1. Name the residues in the stretch 222-269 that are among the basic types (K, R), surrounded by fewer than 17 Cβ atoms within 10 Å (Cβ to Cβ) and either modelled with pLDDT of 95 or more or not in a loop (DSSP other than H, G, I, E, B) (or both), would you?
2. Would you kindly identify the strands (runs of 3 or more DSSP E) lying entirely within the stretch 275-335 that contain at least 3 residues that are surrounded by fewer than 16 Cβ atoms within 10 Å (Cβ to Cβ)?
3. Return a yes/no flag: does the stretch 110-129 have any residue that is within 28 Å of K228 (Cα to Cα), modelled with pLDDT of 95 or more and of a type in the set (V, I, T).
4. So which residues in the stretch 293-336 are touching a strand residue (DSSP E or B) at 6+ places or on another chain (Cβ under 6 Å) and charged (D, E, K, R)?
5. Could you tell me which numbered condition A127 fails, if it satisfies all but one of (1) open to solvent by 20 Å² or more (accessible area, probe 1.4 Å); (2) within 23 Å of A188 (Cα to Cα); (3) touching a helix residue (DSSP H, G or I) at 6+ places or on another chain (Cβ under 8 Å)?
6. The conditions are (1) at pLDDT 95 or above; (2) of a type in the set (D, E); (3) open to solvent by 30 Å² or more (accessible area, probe 1.4 Å), and E42 fails exactly one of them. Which is it?
7. Specify which of the listed residues (E212, E191) is assigned to a helix (DSSP H, G or I), more than 30 Å from T282 (Cα to Cα) and open to solvent by 70 Å² or more (accessible area, probe 1.4 Å).
8. Taking the stretch 144-162 as the search range and keeping residues that are under 27 Å from A111 (Cα atoms) and open to solvent by 20 Å² or more (accessible area, probe 1.4 Å), which one is farthest from the chain's Cα centre (by Cα)?
Amino acid sequence: MQKSMPALPDTLAPRLLRWYDAGSRTLPWRSDPRPYYVWLSEIMLQQTRVEAATPYFERFIRELPTIADLAAAPEQQLLKLWEGLGYYNRARNLQKAARIVVDNYGGELPADFSALLQLPGIGRYSAGAIASIAFGIPVPAVDGNVLRVLSRVLENPAEIDREETKRQMGEAIRQQIPEDRPGDFNQALMELGAMVCLPNGAPRCEECPLKEICLAFQHETIPEYPRKAPKKARRCEARTVLVLFREGEVAIHQRPATGLLRGLWELPNVEGTLSEQDLAATLSGWGLIPQSSALPLGSAKHIFTHLEWQMTGWGVAVRGNTDSLLFVHPDRLREEFCLPSAFRAYSARISDLAKEFLDDNHS
């Protein structure tokens, strides 16, 4: 049974807020913390760094400025706006939640932690962040940054990926949240973890406003915290990605409606590492005939949560027809279709390859 967690020092909130007031980052969802903006930013930031997420956030609210706009957006527009952020279920859940908010709450997020928690894609952390930042409700928002900070402050040996640890951390925070500034307090803890109390043994302890009350700093045990359960081995899968051209257009394929990357468009790919001879046989099975020598496109890898794709690629011009592929002009692909970042090493070369294969055909 996990031991109860000691109380946090009463000086934590004042120290933290003085530091936050003196130099917190200026971010668009902080400058204008309307509930929609806070919600969108928190979902984007779940798997993405602030620097990478900010331009996505700004483009998203330009095209879908209200929750009602998000609810009504065609799925391909939504996925195109999300392209490159990955974890596309986050975007789909945003839209599912937006439709519920439009139907049940008049298009405005409910100012209630429990009601927020019932919306698709909003867990305890996101509900706490939205409730405290957008509505001033004194509830904790416990993310990985917060868990790391508090594990070090308390020298807490509990594994931070355990739900019980997260619950206890939340209760410890709840005792410290100032009722007049709950959103600033939660953001300050997250900011400290993101900017100062860094992971992987590289914190900037001399800059930390909590160093006088941090047990791990005092005892020089920072590298020992936080503690996590051992990770399970990630499964590896070899795949061959095909960049196929026909009369200046490139082939794409829509993935099944269930499973990994469900419903997204992708470059055609097959399991295994294909030789050039294997490639010709695969194309023949699809009703396609090579019109050029196959061009090796090198190797790449992409890591999903529990799976790693180890990829090789071929580029080739073809002729013939197949119902399983859609051929589109590279400009249309770039403007209208969302390709997962798993294929970025190959999709980034499409325009140059298209010119190369056209030149070969015309020579």
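1. Listed by number, the residues that qualify are R227, R235.
2. Counting at least 3 such residues, we get 295-303, 307-320.
3. yes
4. Those that are touching a strand residue (DSSP E or B) at 6+ places or on another chain (Cβ under 6 Å) and charged (D, E, K, R): K301, E308, R319.
5. (1)
6. Among (1) at pLDDT 95 or above; (2) of a type in the set (D, E); (3) open to solvent by 30 Å² or more (accessible area, probe 1.4 Å), E42 violates only (3).
7. On the way: E191 fails: open to solvent by 70 Å² or more (accessible area, probe 1.4 Å).
So the residue among E212, E191 that is assigned to a helix (DSSP H, G or I), more than 30 Å from T282 (Cα to Cα) and open to solvent by 70 Å² or more (accessible area, probe 1.4 Å) is E212.
8. Here is the first cut: in the stretch 144-162, the residues under 27 Å from A111 (Cα atoms) are 144-147.
When the remaining residues are screened for being open to solvent by 20 Å² or more (accessible area, probe 1.4 Å), the result is 144-145.
Values: G144: 14, N145: 15 Å.
Only one residue tops the list, namely N145.
The values are calculated or read from the model by the stated rules, or taken from the named source; none is laboratory data. Nothing here was measured: the structure is a model prediction, and the numbers come from that model. A quick note on method: Cβ atoms are made from the backbone with ideal geometry, for glycine too, and the neighbour counts reach across all protein chains shown. Ligands, DNA and RNA are excluded from the accessible area calculation, which covers all protein heavy atoms including side chains. Shrake-Rupley method; radii C 1.70, N 1.55, O 1.52, S 1.80 Å.
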